[in-house]
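Structure record follows, encoded as structure tokens.
The values are calculated or read from the model by the stated rules, or taken from the named source; none is laboratory data. Everything numeric in this text was worked out from a predicted model, so none of it was measured. Ideal geometry is used to build each Cβ from the backbone, glycine not excepted, and the neighbour counts take in all protein chains shown.
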Amino acid sequence: MNTVMIVTGESSGELYGSLLAKEIKSKRPDVHIIGVGGERMDKAGVELISSISDAFGIVEVISAYSKLKAAFKKAVDAIKKFRPDVLVLIDYPDFNIRVAEVAKSLGIKILYYVSPQVWAWRKGRVEKIASIVDRMAVILPFEEKIYRKAGVTCEFVGHPILEEIEAVSNPPIPPLLKGDEGGFETGVIKATLGLDSDKPLLSLLPGSRPNELNRLLPLMIDLVRQFKNDPEITSGKDYQFCIPLAPNTDERRYNIHLETLMEEGVVIKKGESIRVLAASDMAVVASGTATLQTAFLEVPMVVVYKLSPLTYLLGKLIVNVEYISLVNILSGREVVTELLQNRANPEDIIKGLKKIMFDTKYREDILNYYRLIKEPFSGKRASERVAEIIMEMAGWRDS
């Protein structure tokens, strides 16, 4: 039987894996897809051999070691049992590079889809990856040159989050009425989410990994309380708040924080990040893929992030980037405010939000840079192209 194996390790990568699986199935319904993933990949027809771990950072990976070890054994056993035609690795380098080494020793073709952030830290990984994989499919424009220089067949395929956005731009969500720029009619989307269609919306995206949620949900509670009591804000429009949790979030683990947020009037939605962002007037977003998602939907934002003190200190020694958010990295300048560690506090966040609210030029500058960022991604369909690459590697024809 023709088999593809997809291995991912966190919520955003799992989304990309699910979109890819659907695309493969649409082209080759007979293909058996196995993988490491979560609920979305399962629904997309992937036979899961292990769940994703969501470990991130040095301290967090150590604490999740036993789960990672078990997942690695299951992945290796599946490779040996099923001998997939193509192994697709999605980001998650510490785990996936080890999986790739096993697959390579067995002569299995390897596609790395969604590159690790080698341009930010551990640049030596480029040579390591180049020695293992057969092809690279990258989702950021500047990554293609990095791998081609290392001698890898590499292609910039676009970004799969555009497919998510496209999916919710179809009915029942009507086309936007935001002038000539296009977009969504925010009042209608608010109503479909059970929100007040007439009130402005501040969306709060605290990330998807357990360490992110543990650190940022308490921050969101303090932020909402101070935002609601700020006289400069309350003298204007009455804001509403929404947190769109990632689909794989175990809400029971954060029950105390979520209940407190709801008591403060925050609406909690699961798996609705696109709709919530599409309806938002501004956002506070954990650094990660969600910042690019927010930019593509043209929502002004403040970016926040907190790591364990040890991970942060070690990261400062080895990370070689001026900015942490993809928006600023792609722009080469600080388009949106970034607040890390102790600077990620309610006072500084509100200061950034007020600048969005009251400085018209600043807000317009943000939106103009967003549109420049989007240009290289226009017209590309990442999942479709990656499915084609897999078929090329396996020697299959489109059915």
Item to check | So VAL303, is it without any contact (Cβ under 8 Å) to a residue 60 or more places away in the chain, under 20 Å from GLY352 (Cβ atoms) and buried (at least 23 other Cβ atoms within 10 Å of the Cβ) | outcome: yes
Item to check | Condition broken by PHE241, with the remaining ones in (1) buried (at least 17 other Cβ atoms within 10 Å of the Cβ); (2) in a helix (DSSP H, G or I); (3) at pLDDT 95 or above satisfied | outcome: (2)
Checklist entry - Can you tell me which of ALA55, ALA75, ALA64 is modelled with pLDDT of 90 or more and of a type outside the set (Lys, Arg)? => result ALA75
Checklist entry - Identify, please: which residue in segment 351-369 is more than 18 Å from SER331 (Cα to Cα) and exposed (fewer than 14 other Cβ atoms within 10 Å of the Cβ) and is, among those, nearest to the chain's Cα centre (by Cα)? => result LYS351
Next on the checklist: Quick test of your reading of the structure: VAL302 fulfils all but one of (1) at pLDDT 95 or above; (2) under 17 Å from the mean Cα position of the chain (by Cα); (3) of a type in the set (A, V, I, L, M); (4) part of a helix (DSSP H, G or I). Name the failing condition by number.
Outcome noted: (4)
Next on the checklist: Out of the residues in segment 72-99 meeting the condition of being in contact (Cβ under 8 Å) with a residue 40 or more places away in the chain and in a helix (DSSP H, G or I), tell me which one is surrounded by the fewest Cβ atoms within 10 Å (Cβ to Cβ).
Outcome noted: PHE82
Next on the checklist: Of everything in segment 349-383, what is hydroxyl-bearing (Ser, Thr, Tyr) and in contact (Cβ under 8 Å) with a residue 40 or more places away in the chain? Give them in sequence order.
Outcome noted: TYR369, TYR370, SER383
Next on the checklist: Based on this model, can you work out whether ASN368 counts as at pLDDT below 95, farther than 24 Å from PRO116 by Cα and part of a helix (DSSP H, G or I)?
Outcome noted: no
Next on the checklist: Tally up the residues in segment 329-365 that are in a helix (DSSP H, G or I), closer than 27 Å to ARG215 by Cβ, out of contact with any Asp or Glu (no Cβ under 7 Å at 6 or more places or on another chain) and not β-branched (Val, Ile, Thr), please.
Outcome noted: 12
Checklist entry - Would you call ASP91 in contact with a Gly (Cβ under 6 Å, 6 or more places away or on another chain) and modelled with pLDDT under 95? => result yes
